[in-house]
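Notes to accompany the following structure.
Values in this text are rule-based calculations from the coordinates and carry no lab data. Note that the structure is predicted; figures quoted are calculated from it, not measured. Heads up, the Cβs are rebuilt from the backbone with ideal geometry, glycines too, and the neighbour counts pull from every protein chain shown.
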Amino acid sequence: MGKIKIGLMGFGTVGSGVWKIIQENRDKIIENCGYEIEVSKILVQDLAKKRDDAIAKEMFTDNPTDILEDENIEIIIEVMGGIEPAKEYILEAIKRRKHVVTANKALLASHGGVLMKAAKEANVKLLYEASVAGGIPIIHAIKESLSANRINRIMGILNGTTNYILTKMTSEKMEFETVLKEAQGKGYAEADPTSDVGGYDAAYKLTILARLAFGIDVKIEDVYREGITNITPIDIEYATELGYVIKLLAIAKEVNGEIELKVHPTFIPKEHPLAAVGDAFNAVYVKGNAVGELMFYGKGAGDLPTGSAVVGDIISIIREGKHQNKRVSEKNEKNQNRIKDMGSNQGEYYVRLLIKDYPGVLGKIASLFGKYNVSLSSVIQKGKEEPAVSLVFITHDTVELNVQYALTDIAKLPEVIRIANLIRVENV
Ligand SMILES: NC(=O)c1ccc[n+]([C@@H]2O[C@H](COP(=O)([O-])OP(=O)(O)OC[C@H]3O[C@@H](n4cnc5c(N)ncnc54)[C@H](OP(=O)(O)O)[C@@H]3O)[C@@H](O)[C@H]2O)c1
């Protein structure tokens, strides 16, 4: 029985998960691909760091050339994270005709086109299942199993931290800041939570999915992005009352030949399968023109779920040999102008205003919505929380720019204290 030698670049959460799976599932892996996977070297930053005693010290190196220049290593696994030096190492590995598996969403979102082109030219594989939704095999599904479909829509809960925070805010009526602190204390959220709560992490992943599903060379700047920091328990209460749940959704959908790409908090009907995805779980809802609606659900992070996706990619490479996957790069860079401008998007909107409750104010606000052709499907005004009250509207289907124009005028009314929130509604 043959051995395939791999070089592991990074031995943190994901790298150690990959190691564990390769050791513990050795027999299953051999059964599935006919080879034993042997880790030849592990690249780390700090050689002095305490590691698993069961792993020989000589296995670790802080010199990337020990992996890149070793001709016996056929596949490198990049699980270090960050843009550089990860990009440089991957390009060097490709140049040396090594296959690459990476979990690095930030790198793929910003330089995926260049890396995929290099891999295609060198006739090596570059696989990245773990970069989106950890253990959920969504990349493979879009690339292979759904390749007979025209994909119309992808809506994902792609960030576990924000889903955990929103779930807690909903079930325990807690403020965002309080839940965030608690999540940081438990290690569910990073000390610097910006990438998660600001929606950047989800936007990276959406970039990768949209590139695959729609064959466009999406850049991270093409994705409209809003995080969850403005969501309050009051908005959640109104959402519940109106029959919705608030989720941070990453959405890519084709509308009349153009693609909407956006990450933002979203009202979704409480009956929608994504509404039931709680805690730190991830889910991806896909609609294809042949298959109809599908939903993938599972753990989007962690050593073993993410390691499972990485080792799955290694096995695919071994099984398929050098068979080149053409789907991804061939369609790139043709359709850049298809990405839709956010203002021209059409949908329904939740608007919460903080107003002084004087007679006639509702009429004034409604007529300003009317001026911009924004019609309203629900209006809720609650209690007398002097000196200000919340006034909540759900619009009918309308163009986003019209809502923005109406709100600019509404904000100037003397009775309006502020526009407290604007949240998009997906009634699918
Ligand atoms: N964590 C997850 O659940 C998850 C899920 C999906 C995708 N990902 C992605 O997987 C990648 C790795 O994430 P992680 O959570 O495993 O990271 P991590 O725990 O911070 O581990 C990073 C590893 O890379 C090594 N490293 C970092 N910079 C290096 C450099 N310049 N040279 C050599 N070694 C370097 C570190 O060495 P030391 O050990 O010496 O510090 C460490 O072993 C990221 O791209 C991340 O976005 C992670």
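Taking amide H positions as placed 1.01 Å from N in the peptide plane, with prolines and chain starts having none, which residues 5 or more places from ASP217, or on another chain, fall under 5 Å of its amide H?
So ASP217 has HN proximity to GLU333, LYS334, ASN335, GLN336.
Note down the net charge around PHE393, summing +1 for each Lys or Arg and -1 for each Asp or Glu among other residues with Cβ under 11 Å from its Cβ.
Counting the neighbours of PHE393, the net charge comes to 0.
Which whole-Hz ³J(HN,Hα) couplings does region 268-280 yield from phi under the Karplus relation 6.51 cos²θ - 1.76 cosθ + 1.60, θ = phi - 60°, glycine and proline marked x?
10, x, 5, 7, 5, x, 5, 5, 8, 7, x, 6, 8
Taking N as the number of residues in region 103-192, what value does Rg over Cα atoms divided by 2.2 N^0.38 Å take?
Normalised Cα radius of gyration, region 103-192: 1.45.
Would you mind pulling out the separation of the Cα centroids of region 54-95 and region 129-156, in Å?
A separation of 27 Å, based on Cα centres.
Cβ neighbours within 10 Å, averaged per peptide: list 143-149, 127-133 in order, most packed at the top.
Packing proxy ranking, top to bottom: 127-133, 143-149.
Give me, ordered by chain and number, the residues 5 or more places off ARG225 or on other chains with an amide H under 5 Å from its own placed amide H.
VAL263
Semi-axes of the equivalent ellipsoid of region 343-425: what are they in whole Å, largest first, if each equals the square root of 5 times a C-alpha gyration tensor eigenvalue?
Semi-axes, largest first: 21, 13, 11 Å.
If you line up the long axis of helix 200-214 against the longest principal axis of the chain, both from Cα atoms, how many degrees apart are they, to the nearest 10?
80 degrees
Scan around ALA103 for amide H atoms under 5 Å from its own, H built in the peptide plane at 1.01 Å from N, and keep only partners 5 or more places away or cross-chain.
Residues meeting the criterion, in which the H sits 1.01 Å from N, are GLU78.
If you fit an axis through the alpha-carbon atoms of helix 400-411 and take the longest principal axis of the Cα set of the chain, what angle between them do you get, 0 to 90°, nearest 10?
The helix 400-411 is inclined about 50 degrees to the chain.
Based only on other Cβ atoms within 10 Å, what is the fewest-to-most ordering of SER308, SER378?
The order, fewest Cβ neighbours first, is SER378, SER308.
For a test of the definition: using alpha carbon positions, the gyration tensor, and the 1.5 limit on a/c, classify region 360-402 as rounded, prolate or oblate.
prolate
Return one number: the angle in degrees, 0 to 90 and rounded to the nearest 10, between the long axis of the Cα atoms of helix 13-24 and the longest principal axis of the Cα atoms of the chain.
Tilt relative to the chain: about 50 degrees.
Between region 393-424 and region 186-250, how many Å separate their Cα centres?
About 22 Å separates the Cα centre of region 393-424 from the one of region 186-250.
State whether the chain is rounded, prolate or oblate according to the following rule on the C-alpha gyration tensor (a ≥ b ≥ c being the square roots of its eigenvalues): a/c under 1.5 gives rounded; otherwise a/b larger than b/c gives prolate, and the remaining case gives oblate.
Prolate.
Could you sort the peptides 210-222, 346-358 by per-residue average Cβ neighbour count (10 Å cutoff), highest mean leading?
Going by the mean number of other Cβ atoms within 10 Å, highest first, we get 210-222, 346-358.
Whole-Hz Karplus ³J(HN,Hα) for region 82-90, in order, using 6.51 cos²θ - 1.76 cosθ + 1.60 and θ = phi - 60°, x for Gly and Pro?
Going residue by residue, I get x, 8, 10, x, 4, 4, 4, 5, 5 Hz, with x marking Gly and Pro.
How many percent of DSSP beta bridges within the chain run antiparallel, rounded to 5?
Around 65 percent antiparallel, to the nearest 5.
More than 23 Å apart: what percent of Cα pairs in region 139-299 qualify?
37 percent
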